[in-house]
Structures are given as structure tokens and as C-alpha cells.
Amino acid sequence: VPSTHPHRWEWLMHLAEVLHCNYKHSGAVEELNEAISVCEEALSLCPPKYYLRPKLLILQVRLAEAQSSLRASLL
């Protein structure tokens with residue numbers, strides 16, 4: 001999706017969801033890191049009052065929890 005597309009953030013949100021799902025199944029840290037990065041970009045592009053923004057924020061929390069759990073398991 002071109003960077004100028006008005007709904008790019010929605011595509012990025014779905015991509016972040018897929019990457020998170022892949023991480024949960026594979027345990028590949030690269031998938032989690034990419035999901036976090038993509039989610040951050042999606043949030044930066046999402047209109048503040050858009051009805052799907054809460055879904056994106058929940059995804060961000062889930063990704064942060066997964067990252068936190070990963071870090072804890074490495075200690």
C-alpha cells in the first residue's frame with residue numbers, strides 16, 4: 001500500500017495482527033519486533049477519533065505484553 005494511501009494505517013494494523021499471530025505460533029522474535037514497529041506506524045497514521053483506533057491500541061498493549069513476557073523469560 002503506498003505511503004500516501006489514506007487507509008494505509010488499516011493495512012498496517014492487519015499486518016501487525018498477522019505478525020503477532022505468527023510470533024505466537026513460531027516464537028520468532030523478529031516477527032514480534034516487526035509487529036511492534038508496524039503497529040507504531042499504524043498508530044501514527046490513524047485518525048485520533050477513528051472508530052477502529054481502540055482496536056489498534058489494544059493490539060499495541062498485547063504486543064507490549066508479549067515483549068515483556070519475552071524479556072522476562074530471557075532473565
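Considering only Leu52, Pro2, Leu19, whose Cα is most displaced toward the positive end of the charge dipole of the chain, charges sitting on Cβ of Lys, Arg (+1) and Asp, Glu (-1)?
The one lying farthest along the dipole's positive direction is Leu52.
Just to be sure I understand: if I project the alpha-carbon convex hull of the chain onto a plane and average over all orientations, what area do I get in nm²?
For the Cα atoms of the chain, the hull's average projected area reads 4.9 nm².
Using alpha carbons only, how many degrees (0 to 90, rounded to 10) separate the axis of helix 53-74 from the longest principal axis of the chain?
Once rounded, one gets 20 degrees.
With contacts defined as alpha carbon pairs under 8 Å and 6 or more residues apart, what's the relative contact order of the chain in percent? Working shown, then result.
Details: 59 pairs, mean separation 22.0, N = 75.
The value is 29 percent.
Springs between alpha-carbon atoms under 10 Å, Gaussian network over the chain: tell me which of Leu45, Leu12, Leu56 tops the mean-square fluctuations.
Of the options given, Leu45 has the highest mean-square fluctuation.
From the phi angles alone, apply the Karplus equation (6.51, -1.76, 1.60; θ = phi - 60°) to the stretch 37-47 and give each ³J(HN,Hα) in whole Hz, x where the residue is Gly or Pro.
For the stretch 37-47, the Karplus-derived couplings read 4, 5, 5, 4, 5, 4, 4, 5, 9, 6, x Hz, x marking Gly and Pro.
Go ahead and estimate [θ] at 222 nm for the chain from helices alone: -39,500 (n - 2.57) per DSSP H run with n ≥ 4, summed, over the residue count, rounded to 500.
Value at 222 nm, helices only, nearest 500: -26500 deg cm²/dmol.
Which trypsin sites (Lys or Arg not before Pro) from the chain combine a DSSP loop assignment with at most 15 other Cβ atoms within 10 Å? Intermediate results must be reported in sequence, preceding the final value.
On the way: sites: Arg8, Lys24, Lys49, Lys55, Arg62, Arg71; in loops: Lys49.
Of the trypsin sites (Lys or Arg not before Pro), the ones in loops of the chain whose Cβ has at most 15 other Cβ atoms within 10 Å are Lys49.
Work out the length of the dipole vector of the chain about its Cα centre, built from +1 on the beta-carbon of each Lys and Arg and -1 on the beta-carbon of each Asp and Glu, and round it to the nearest 20 debye. Write out the running numbers ahead of the final one.
Numbers: 7 positive and 8 negative charges, 58 e Å.
The calculated dipole for the chain is roughly 280 debye.
Rule-based calculations on the coordinates, nothing more; no lab input. All of these numbers come straight from a predicted model, not from anything done at the bench. Every residue, glycine as well, gets a Cβ built from its backbone with ideal geometry; the counts of neighbours run over all protein chains shown.
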